[in-house]
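Some notes on the structure that comes next.
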Amino acid sequence: MTAAGSFEAEDAAVEGMSRERLAAFLGALEAGACIWDENLRLVAWNDAFRISHTVPGHLLKPGTRLAEILDAGPRVLEDRRNGEETEAGALRGLAARGKLDLDRIYADGRTVAVTYDRFGRSHWLALYHDVTKQRNDIKLLRISEQELRSQHAQLDAALNSTPYGFALWDDAQRLVVCNELYRKMYHLPADQVRAGTPLREICRLSIGAGNFSGLAVEELYERYLNRIRGNLDPDQPQHYDVEVAGRTIRSTYTRSPGIGWVATHQDITDDLGKMRTLESRERDLAVQNLRFVAAVNNMSQGLCMFDAEQRLVICNEQYARIYGLPPELVRPGTLLKDILAYRLAHGVHPIEGVDAYFQRRFDLAHGGREGTDISELSDGRVIAILHHPMADGGWVATHQDITEQRLKEVQIHRAARHDALTDLPNRLMFSETMEAAEQRLRRRERLALLAIDLDHFKIVNDTLGHGIGDRVLREAAARLRSCCREGDDVFRLGGDEFAILTGPLEAERDAAVIAHRIVNRMAEPLEIDGHGIIIGASVGIAVAPGDGPTGEDLLKNADLALYRAKNEGRGAYHFFERGMDADLQERRTIEIGLRRALAQNEFRLVYQPLFNLEEHRISCLEALLRWYHPERGTIPPSEFVPIAEDSGLIVALGEWVLHEACRAAVAWPQDVAVAVNLSTVQFRNRGLLQQIRAALSESGLPPQRLEIEVTESLLLGDADATLSTLHQLRALGVRISMDDFGTGYSALSYLRSFPFDKIKIDKSFVHDISAKDGSRAIVTAVIGLGRSLGMSTTAEGVETEAQLELVRRQGCTEVQGFLFSPPLPASSIARLFERPGGVEEWIETLQKRA
C-alpha cells in the first residue's frame, strides 16, 4: 500500500480514519483501489492500482488530479458507461449520481471495470477490476446470440409468410415450433402454445375452442397419433381433410429423420376450384417442408434439443459435425450421457471432465434460466454454448466453434505484451510479472532484478542507422537469454533498456554471476553487414527482500545501481547501496533545472585568453560555459555537463554556445579567434554542420576565426564517420584543435589520420612539469611533435612563472592559464578590446610579471 504524506487534514485522515487504518483498508482489497477527494484529486491508493495502471512514480502523490493519471497511464481507446457516455462526461455528474459504473478499454486489449462510490461525506472510493476475459467471453456469446436471433428471426419470418399453417413435433409428441397461421386456424391462444407444449394439451385447447364438437380429448389425441404412426416414409406424405368449426382444413404430415414430424395445414373451404391442382399444392407443401429442414441444417451453429430426462429430441447436422457423432447417436431419444460417453471415447470431451460438464448442463436445465458457457475441448477447440430452458424441464442449445476467435484473442494478448522487434516480454508484461512476484516477496523469497543498459548503443544507432541498430538489439536480446538460468524472465523495457528477474537465489553472488556473464558476453564484438561493432552493457542489481518489498521499489533501486555502474565507467555491474537515492534525486534536480535554465536564460559564457608567446598578443579566447542558478548560485560544468550529455540536452545547449560565442567574437579584433568545445554527444548529432553554418552565417564571423576543440574520446567510436565530419568542418574554413592531448590511448594514430591545426597539452602534464621529469619529457615531446607536423601547441593550466619558462623554452606556441588571466565575462573582454591601449597595457602587465 502506498499512501503518501500530508495533503490536508481531512485528506490525511479521510472522514476520521487514521492514515494507518486507511492504508490497511485499501491494502486488504484485491482490486486496484483509490480514494479521491471531492475535486477528484488523489488521496490514497494501493499497490494493485499502481501496478495495473503503470502510473509514473512522480504522479503517485496526494493532490494529483484524475485527469493527469489518465493522461500518463496506458492509452485508453474507449471509456463508456452502458454505451451511453464517456467517462469524462459521466464524472462531471458524479456528485449528483452518487455512484458510477463504467468500462475503461485500453489500447493493449485490456478492459477494466471501474466503480466510483461514496466514501464518507465528500470522498470517492474507486475500484478497478480487470474483466478482460469476462467481457471477451460475453462479446463472443453476444455475437453467437445475435447470429442465433437473426436466424430465428429469419426462420420466424419465413414461417409466418407462408400461406399454410405450420407445426413441427418431436418424437415425444411435443411442439417444437409453429407459425401464427396455425394458431389462428385452430383458434389456439398464443400464450399457451409454445415450444415444448405436449400434443395432448394442444388437443385440449382445440376442443375448448370449439373446433371438434362431440370429440373427447383422448379420442382426438389418438386420432393424431394414428396419423403420425402411419407416416413412416418421408417421401410419401399423407393428407387428411377435417372439419373445424365449419371450415375444411387439409393437413399434410411428413416424417423428417433427426428433426421430427412436420405438419402443414391449409384452409380449402372456399377456393377449392380456384386453387392450383392438388398435385401442385402437394409439391409446394413438400418444398416448404424441405426449406424448413434446410434452414435448420444450414445454421452456422450446432442446434440440439433435450427433454427433461436428458434425451435428445432433435439436432441438426452441424451439431453432429462439431462433435463427430455417428447417425445412431443423433436419433431422437438418445441419452445425453451416451453422447458424452462417445465423445470421451473418441477424444472430443471437455477438458474439465465429463462429470462437471454434465452437472453444469443439468443445473442450467433445472435452474430454468438462460445461460452461456465456454467449453474447452481436449482436441484444442473452444465451443461457445448458448442454453435456453423449456417449460417442461428440457432445453434448446446452440453450439458454435469459436476456436479461431480465441486464437486471435491469444495472439492479440501476446502482441500487447511482447516486443515486436526482439520478441521479449515488454514493459506491460514486466509490470504484470512484477505484480505476481510480490506474492513471492511476501514469502521472503530471495529474488534479484537486474536493470541493463547497452553501452554506446546510441552512437551505433545514430551513425550506422536504425536498421543496424535493430539488429544489434535483436542480438543483444539473444545474448541476454543465453546468460540466464532456466526460469529467469528477460524483458525489453524500451530503447536499449532491458531487465531480468531471477530467483530464487541462495545468495547475492548468484545474481553477480549472471551480471558478470552479461557484461562479458555483451562486450564480445559484433559483425553486421561488414561493420565491426562493439557495444557492451552496464548492469544494476537490486536483491529482494532487502532492497525493496515491492516490484516498484526493486526497479527503482536497480536503476540507481545501474546509474552508479554507468558513472563508474560502464561495462560493469553494481549492487544497490543505501544512499544512492540521494544521488539520483540530485541528478534529477539538476536535469529538471537544466531544462528550465535553457528556457530562462540562466547560462552565461566566460572567455579565457590564449596568449601567443611568439607574437606577444591575445590570439584566441576559449568560450567556457557557466550556469548561474537563481537559488544555488554558480554550478560548475563538471556537475551539469555529464547530465546534459546523458539526457541529450547538450545538443540544444551546445547550439546556444556556438551562436553566443560567434556573436561575441565578431566584435573582437580580426586576428583574434574564439574556441568552442564540442562534446562527443554533440558531435554525433547529424545536424552539427548545419548548426555551425547557421552560427557563422547569423553572426557574420569568418569561419577562420572559429576553432572547434575535440577530445581523443571522440574518435573511439566510429572513427571513419568522425573523420569525415572533421574534414567537412575543415572545408568550411573552421580550425580544429585536439584538446587534452595525451590523456587518451591512441593520440598519435589520430594525429596521423587527421591533420589537426592545434594540439592542446593537458594541464595535468603542465602542472607536474617542474616536479616530475616524466611530465617534462611528455611536454617536450608533444611540442616537438607539433612543430614537426606543422601544428601549433597550447599549454593549458599555466599558473606559475616556472611553468611558463619551461614551455616557452621548449618552443610552445600559446599558453593559457591563471598566470595570465582567469576566465572573464564577455563585458570584460569587450572593454579590454575597446579601450585604447587596453590590450597593450594587459600585455605590458604580463611582461612585468614575467
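The values are calculated or read from the model by the stated rules, or taken from the named source; none is laboratory data. All values reported here derive from a predicted model rather than from experimental measurement. Here the Cβ is made from the backbone with ideal geometry for all residues, glycine too, and neighbour counts use every protein chain on show. With ligands, DNA and RNA removed, areas are computed over all heavy atoms of the protein, side chains included. Shrake-Rupley method; radii C 1.70, N 1.55, O 1.52, S 1.80 Å.
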### Query
When you scan the range 600-640, how many residues do you find that are open to solvent by 70 Å² or more (accessible area, probe 1.4 Å), more than 18 Å from L658 (Cβ to Cβ) and under 44 Å from the mean Cα position of the chain (by Cα)?
8
### Message
For the structure I just gave you, tell me whether A190 is more than 26 Å from G394 (Cα to Cα) and open to solvent by 20 Å² or more (accessible area, probe 1.4 Å).
### Response
no
#### Entry: the range 193-205 residues that are at positive phi and assigned to a loop (DSSP other than H, G, I, E, B), paired with ones that are surrounded by 16 or more Cβ atoms within 10 Å (Cβ to Cβ) and not aromatic (F, W, Y) (beta carbon under 6 Å, 6 or more apart)
G196/R174; G196/M390
### Task
Among residues belonging to the range 682-694 that are assigned to a helix (DSSP H, G or I) and touching a residue at least 40 places away in the same chain (Cβ under 8 Å), point out the one that is farthest from V734 (Cα to Cα).
R684
### Residues of the range 564-580 satisfying the condition of being more than 21 Å from E645 (Cα to Cα) and surrounded by fewer than 18 Cβ atoms within 10 Å (Cβ to Cβ)
E577, R578, G579
### Query
Only one of these conditions is not met by D235: (1) at pLDDT 65 or above; (2) open to solvent by 60 Å² or more (accessible area, probe 1.4 Å). Which number is it?
(1)
## Note on the structure
Filtering the range 362-384 down to residues that are of a type in the set (G, A, S), open to solvent by 50 Å² or more (accessible area, probe 1.4 Å) and within 32 Å of the chain's Cα centre (by Cα) yields G380
### Message
Need the failing condition index for H387 against (1) without any contact (Cβ under 8 Å) to a residue 60 or more places away in the chain; (2) within 30 Å of the chain's Cα centre (by Cα); (3) buried (at least 16 other Cβ atoms within 10 Å of the Cβ), just the number.
### Response
(2)
### Task
Starting from the range 105-125, take each residue that is in contact (Cβ under 8 Å) with a residue 24 or more places away in the chain and list its partners that are of a type in the set (G, A, S) and not in a strand (DSSP E or B), counting only C-beta distances under 6 angstrom and pairs at least six apart or across chains.
D108/A416; G109/A416
### Task
Scan the range 480-492 residue by residue and report those that are in contact with a helix residue (DSSP H, G or I) (Cβ under 9 Å, 6 or more places away or on another chain) and surrounded by fewer than 18 Cβ atoms within 10 Å (Cβ to Cβ).
S482, C484, R485, D488
### Query
Are any of the residues in the range 353-370 modelled with pLDDT of 85 or more and either among the charged types (D, E, K, R) or more than 30 Å from K556 (Cα to Cα) (or both)?
no
#### Entry: Any hit, the range 335-350, residues being open to solvent by less than 40 Å² (accessible area, probe 1.4 Å), closer than 23 Å to V177 by Cα and modelled with pLDDT of 85 or more
yes
### Query
Which members of the range 545-563 meet the condition of being assigned to a helix (DSSP H, G or I), open to solvent by 60 Å² or more (accessible area, probe 1.4 Å) and modelled with pLDDT under 85?
E552
### Task
For the range 695-728, enumerate the residues that are modelled with pLDDT under 80 and outside any helix (DSSP H, G or I).
G717, D718
### Task
Could you give me the residue pairs with C-beta distances under 7 Å whose first residue belongs to the range 391-405 and is free of Cβ contacts under 8 Å to residues at least 60 places away in the same chain, whose second residue is open to solvent by 10 Å² or more (accessible area, probe 1.4 Å) and among the β-branched types (V, I, T) wherever it lies, and which are 6+ apart or on separate chains?
T403/V382
### Task
Would you check which residues across the range 595-635 are under 17 Å from G654 (Cβ atoms), hydrophobic (A, V, I, L, M, F, W, C) and outside any strand (DSSP E or B) and list them?
A597, L598, A599
### Task
Being part of a helix (DSSP H, G or I) and in contact (Cβ under 8 Å) with a residue 24 or more places away in the chain is the filter; apply it to the range 23-37 and report the residue that is nearest to A436 (Cα to Cα).
G27
### Message
List the residue pairs whose Cβ atoms are under 8 Å apart, where the first residue sits in the range 636-654 and is part of a helix (DSSP H, G or I), the second is modelled with pLDDT of 85 or more and aromatic (F, W, Y), and the two are 6 or more positions apart or on different chains.
### Response
P637/W627; F640/W627; L653/F603
### Message
Looking only at the range 823-844, how many residues end up being assigned to a loop (DSSP other than H, G, I, E, B) and in contact with a strand residue (DSSP E or B) (Cβ under 7 Å, 6 or more places away or on another chain)?
### Response
1
### Task
Kindly provide the set of residues from the range 74-112 that are open to solvent by 40 Å² or more (accessible area, probe 1.4 Å), closer than 27 Å to E409 by Cβ, outside any loop (DSSP other than H, G, I, E, B) and modelled with pLDDT of 65 or more, ordered by number.
D101
### Query
Within the set of pairs 6 or more residues apart or between chains, which connect a residue that is on the phi < 0 side of the Ramachandran plot inside the range 657-675 to a residue that is of a type in the set (D, E) and in a helix (DSSP H, G or I) with Cβ atoms less than 9 Å apart?
H659/E698; C662/E698; R663/E698; A667/E834
### Task
Report, ordered by the first and then the second residue, all pairs with beta carbons closer than 8 Å, sequence separation of six or more or different chains, a first member in the range 720-731 that is farther than 17 Å from Q682 by Cα, and a second member that is at pLDDT 80 or above and surrounded by 15 or more Cβ atoms within 10 Å (Cβ to Cβ).
R730/I736
### Query
Does the range 468-486 contain at least one residue that is at positive phi, of a type outside the set (A, V, I, L, M, F, W, C) and not in a strand (DSSP E or B)?
no
### Task
May I ask you to say which residue of G817, G786 is open to solvent by less than 50 Å² (accessible area, probe 1.4 Å) and modelled with pLDDT under 85?
G786
## Note on the structure
The correct count of residues that are in contact with a Phe, Trp or Tyr (Cβ under 8 Å, 6 or more places away or on another chain) and either more than 16 Å from V490 (Cβ to Cβ) or surrounded by 19 or more Cβ atoms within 10 Å (Cβ to Cβ) (or both) in the range 430-449 is 1
### Query
Do we find a residue being in contact with a strand residue (DSSP E or B) (Cβ under 9 Å, 6 or more places away or on another chain), at pLDDT 85 or above, open to solvent by 20 Å² or more (accessible area, probe 1.4 Å) and part of a helix (DSSP H, G or I) anywhere in the range 304-317?
yes
### Query
Are any of the residues in the range 681-694 closer than 14 Å to K758 by Cβ and either of a type in the set (K, R) or more than 41 Å from the chain's Cα centre (by Cα) (or both)?
no
### Message
Among the residues of the range 175-183, are any at pLDDT below 90, aliphatic (A, V, I, L, M), open to solvent by 20 Å² or more (accessible area, probe 1.4 Å) and touching a helix residue (DSSP H, G or I) at 6+ places or on another chain (Cβ under 9 Å)?
### Response
yes
